[in-house]
Amino acid sequence: MGSALFFLTLTSLKTVAKQNQLVRFRMASTAATFGLKDPSLIRTQGFVNGKWVDGEEGGKITVTNPANNAELGTVPEMTLTQTKEAIAAAADAFKSWSKTTAKHRHDLLMKLHRLMLQHHDDLGRIVTLENGKTLTEGKGESAYSASFIEWFAEEAVRTYGEQIPSSMPGIRNLVIKQPIGNGIFTPWNFPSAMITRKLGAALAAGCTSVIKPPPETPFSALALAELASRAGFPDGVINIVTTQKNVIPIGKEICESKTIRKISFTGSTPVAKLLYGIASSTMKKVSIEAGGNSPFIVFGDADIDDAVEGAVACKFRGSGQTCVCANRIYVHSSVYAEFASRLAEKVAAFKIGDGLLSDTTHGPLIHEKAISKVVKHVEDAVSKGAQILVGGKRRDGPGSFYEPTVLSDVPAGPSTFFGQEETFGPVAALIKFETEKEVIELANDTDVGLAGYFYSRDIGRIWRVAEALEVGMVGINTGIIANATVPFGGVKESGLGREGGHGINEYMQEKLLAFGGLDK
Ligand code: SIN
């Protein structure tokens, strides 16, 4: 009996050693593909309760580089059972993490921030390889991502409560803020920064997290978990569940869980509505940053040079794959021809290609589905009278490239797809308008309202238009609006809540402490 047990133990030890060897081999070959200075930032497993784990059923998600469709590596297809384990780990860790001092959380976040800066180049390279954006943008995102960790470290120590004068004798009122505990869903267009924008706030508030990264870009999320673990975040505080096929049951589990009290989601409006609906079953607090369809208005009195620069920055950032990208560019008839030709000239000079190459100005779209949507928008607009000034077609060959495009004479309103939904691609759709009233009506004629932009030098118009646009963020004479210090979020069907800025409050709840019997 004793020797049989010894034999069994020996066999299972050998199996574990073999599995570990396989994992090390997989990590090493994936890391070699990424070509990082620190290859150990590449993790090919999910992260639950401080441990790196394979998928329970052995399934794998293959991640490819959208610039050439080459395989980058695999991550596990995790299961519902593993998600339940991650939720349980987060709930368990919450008991102690939520009791840590704000100063302690600040210090750990700052340690993570320093590690992110130290590995800035590698983190940028991971973003570029899995998302396709240029290395400049990838590194830019890495810095943007780190800035959320720094900002929320600083916010952690300022979650002040309130003392409210009582309307009743003998009572004193205090309001304290307490962490809520949460689940995070993130998109592929900012594989790192959309995590830290949520996670930084959550950790600073004292929440623990279960993160479901997108299947297209999981390596940035896993690298963040690796750095967080190096920084010393305790087991269970950050959990990462990678999935592609099981996304519906896993998403449902997170949204229906009674222990997760908050959901934070960035992604499309239809998916946001689905998650919001499911999360209502347990009355969770919900933050949603869903899609937009940003108007970008150039008035007749605008500085045209600035407006062209702003349109280039805003429309073509990430090859048009941001929620705040201009989607409908309204240009006053008096400056239309000049604006169109100057913008077309700039866009014609773009060079699409592999984001790692130094002369590439714009990378690929994330996948074939994204290309199909762009093709649909362009063909539809052209069939309704739009003219192609530059671009207007996909590029043949490997990789999901669509030429940076400028369309003029796009019909206004919801008769084209540009008027109905965000394109999420590198197409500037120019629409002519005559009056301020008309353009405000056109800009607001949509169910979503994330960002809006306009160019004007008239102070009266600036106030009128800024107040009239039905959006959560307005860029006035600028095409770039977001950073860690300001509130980011939309109105209408673009979402709920704000991230960045005072967004730590989204991860806390107020509790009233009414003290009686004090005047005896
Ligand atoms: C997004 O596209 O969802 C985020 C864009 C940003 O942070 O600027």
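Return the residue satisfying two criteria in turn: it lies in segment 438-465 and is surrounded by fewer than 21 Cβ atoms within 10 Å (Cβ to Cβ) and under 25 Å from the mean Cα position of the chain (by Cα), and of such residues it is farthest from the ligand (Cβ to nearest atom). The selected residue is ASN444. The residue that is modelled with the lowest pLDDT, counting only those in segment 172-212 that are assigned to a loop (DSSP other than H, G, I, E, B) and away from the ligand (no atom under 16 Å from the Cβ), is GLY181. Within segment 373-388, being within 29 Å of the chain's Cα centre (by Cα) and among the basic types (Lys, Arg) holds for LYS373, LYS376.
Which of the residues spanning segment 466-491 are part of a strand (DSSP E or B) and away from the ligand (no atom under 16 Å from the Cβ)?
ILE476
Would a scan of segment 498-514 turn up a residue that is surrounded by 15 or more Cβ atoms within 10 Å (Cβ to Cβ), assigned to a helix (DSSP H, G or I) and either within 16 Å of the ligand (Cβ to nearest atom) or without any contact (Cβ under 8 Å) to a residue 60 or more places away in the chain (or both)? Yes, that holds for at least one residue. Every listed requirement among (1) part of a helix (DSSP H, G or I); (2) touching a Cys at 6+ places or on another chain (Cβ under 7 Å) is met by PHE296 save one, (1).
The residues in segment 293-333 that are more than 18 Å from GLY391 (Cα to Cα) and away from the ligand (no atom under 12 Å from the Cβ) can be counted, and the count is 20. One residue alone among ALA468, ALA428 is under 30 Å from GLY353 (Cα atoms) and of a type in the set (Gly, Ala, Ser), and that residue is ALA428.
Yes/no per residue for (1) among the acidic types (Asp, Glu); (2) out of contact with any Leu (no Cβ under 7 Å at 6 or more places or on another chain):
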| site | (1), (2) |
| --- | --- |
| ALA91 | no, yes |
| ARG114 | no, yes |
| GLY124 | no, no |
| GLU150 | yes, yes |
| PRO179 | no, yes |
| ASN182 | no, yes |
| TRP188 | no, yes |
| ALA193 | no, yes |
| LEU203 | no, no |
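The set of residues from segment 307-338 being more than 14 Å from SER294 (Cβ to Cβ) and surrounded by fewer than 22 Cβ atoms within 10 Å (Cβ to Cβ) comprises GLU309, VAL312, HIS332, SER333, SER334, VAL335, TYR336, ALA337, GLU338.
Checked against the criterion of being surrounded by 24 or more Cβ atoms within 10 Å (Cβ to Cβ), of a type outside the set (D, E, K, R) and within 13 Å of the ligand (Cβ to nearest atom), the candidates ILE288, ILE260 yield just one match: ILE288.
Taking (1) in a loop (DSSP other than H, G, I, E, B); (2) surrounded by fewer than 17 Cβ atoms within 10 Å (Cβ to Cβ) in turn, SER280 satisfies each apart from (1).
Conditions (1) part of a loop (DSSP other than H, G, I, E, B); (2) at pLDDT 95 or above; (3) β-branched (Val, Ile, Thr); (4) surrounded by 21 or more Cβ atoms within 10 Å (Cβ to Cβ), marked per residue:
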{"position": "SER341", "(1), (2), (3), (4)": "no, yes, no, no"}
{"position": "VAL347", "(1), (2), (3), (4)": "no, yes, yes, yes"}
{"position": "ILE366", "(1), (2), (3), (4)": "yes, yes, yes, yes"}
{"position": "LYS369", "(1), (2), (3), (4)": "no, yes, no, no"}
{"position": "LYS373", "(1), (2), (3), (4)": "no, yes, no, no"}
{"position": "LYS376", "(1), (2), (3), (4)": "no, yes, no, no"}
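In segment 353-360 there is no residue that is at negative phi and in a helix (DSSP H, G or I).
Of the residues ILE297, ILE304, which is surrounded by fewer than 18 Cβ atoms within 10 Å (Cβ to Cβ), under 16 Å from THR478 (Cβ atoms) and in contact with a helix residue (DSSP H, G or I) (Cβ under 9 Å, 6 or more places away or on another chain)?
Details: ILE297 fails: surrounded by fewer than 18 Cβ atoms within 10 Å (Cβ to Cβ).
That would be ILE304, the only listed residue that is surrounded by fewer than 18 Cβ atoms within 10 Å (Cβ to Cβ), under 16 Å from THR478 (Cβ atoms) and in contact with a helix residue (DSSP H, G or I) (Cβ under 9 Å, 6 or more places away or on another chain).
Can you tell me how many residues within segment 34-93 are assigned to a strand (DSSP E or B), within 22 Å of VAL247 (Cβ to Cβ) and touching a residue at least 60 places away in the same chain (Cβ under 8 Å)? Walk me through it before giving the result.
Looking only at segment 34-93, we keep the residues that are assigned to a strand (DSSP E or B), and these are 46-48, 51-53, 60-64, 71-76.
Add one more test, that the residue is within 22 Å of VAL247 (Cβ to Cβ), and what stays is 46-48, 52-53, 60-64, 71-76.
Checking which are touching a residue at least 60 places away in the same chain (Cβ under 8 Å) leaves us with 46-48, 61, 63, 72-73, 75-76.
Summing the residues that are assigned to a strand (DSSP E or B), within 22 Å of VAL247 (Cβ to Cβ) and touching a residue at least 60 places away in the same chain (Cβ under 8 Å) in segment 34-93 gives 9.
Before we move on, is ARG125 at pLDDT 95 or above, exposed (fewer than 15 other Cβ atoms within 10 Å of the Cβ) and of a type in the set (Lys, Arg)? For ARG125, the condition - at pLDDT 95 or above, exposed (fewer than 15 other Cβ atoms within 10 Å of the Cβ) and of a type in the set (Lys, Arg) - is not met.
The values are calculated or read from the model by the stated rules, or taken from the named source; none is laboratory data. Treat the numbers as computed from the prediction; the structure is a model and nothing was measured. Cβ coordinates were reconstructed from backbone atoms using ideal geometry, including for glycine residues, and neighbour counts include every protein chain displayed.
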